[in-house]
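Written out below as structure tokens is the structure these notes cover.
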Amino acid sequence: MGAVVFGCDGVLADTEPHSRSAWRSVLSNLGHPATSSDVEGCTGLGYSECYDRLADVAPLPPSADLWSSVLEALIASFSTGLLRFEDAANAVESLVLLGVPIAVASSSPRERLDVTLSAIGLAGRFDVTVAGDEVERSKPAPDVYLAAARLLGVAPGDCVAVEDSGHGATAAVAAGMRVIGVVRDDEEAGRLLSAGAALVTEIDADDLARWV
């Protein structure tokens, strides 16, 4: 049997608006000149990659020092209401019942990934979770997906990845996985297609099970 590997941000929960809000808040407090467009350009990237891009705009405090401020701002934003995508949550529960191995492969640091899964009530539902700070390279490199497949004990070619961004789909394709691209944002549809994903508007457990 194959396995299904989910991205997290944008796939399981609508975290991207909260992530952008957290970065804007932290940058504003620092008097940093990055624009909203600069922040939006970080969509689908992990913390380290976002930090590097924004530090290219103007200097930032050391990455390790800034992380606690970004996470605090993110948790505060989550508390105003984090939307869980019910199609994804239902698919997770259905795949568990079907006995299909499932994992999460996220660009987020472990601390953020755990906070997100707990906030949407999916902590402990996956056989494996891999965070961006647990691999050498984050998305769009394939490392996080390769690690998920290895920990599941399933060949990457027998895995189906579910992604919502071009960066994530690129990572999964590079790992050798088939990719379902769920269109949460119309602007990402073209990037998902270009990366090699098959597009859907809703995640369906039966469709995923047929793929594996």
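Helix 63-78 and the longest principal axis of the Cα set of the chain meet at an angle near 70°. Its DSSP H runs of at least 4 residues, each contributing -39,500 (n - 2.57), put the calculated 222 nm mean residue ellipticity of the chain at -15000 deg cm²/dmol, to the nearest 500.
Normalised radius of gyration (Cα atoms, divided by 2.2 N^0.38 Å) for the chain: 0.97. Taking all Cα-Cα distances within the range 16-78, those exceeding 16 Å account for 35%. Rounded to the nearest 10 degrees, the inclination of helix 47-57 to the longest alpha-carbon principal axis of the chain is 40 degrees. Per residue, the average separation of C-alpha pairs within less than 8 Å and at least 6 apart gives the range 64-200 a relative contact order of 16 percent.
Share of antiparallel DSSP beta bridges in the chain, in percent to the nearest 5? Percentage antiparallel, nearest 5: 5.
Over the range 133-172, the ratio between the Cα radius of gyration and 2.2 N^0.38 Å evaluates to 1.09. Inter-label distance, Ser194 to Ala64: 3.7 nm, where each label sits 7 Å from its Cα along the C-beta direction.
Could you please state, rounded to a whole Å, how far the C-alpha centre of the range 21-81 is from the C-alpha centre of the range 110-128? Cα centroid to Cα centroid, the span is 21 Å. Helix 86-98 axis versus longest C-alpha principal axis of the chain: approximately 40°, rounded to the nearest ten.
Averaging 1/r across all pairs of distinct Cα atoms in the range 112-202 and inverting the result yields a Kirkwood radius of 13.5 Å.
Any read-out appearing in this document is the output of simple, stated calculations on the displayed coordinates, not a laboratory observation. Not measured: the values here are computed from a predicted model. Glycine also receives a Cβ, built like all others from the backbone with ideal geometry; neighbour counts cover every protein chain displayed.
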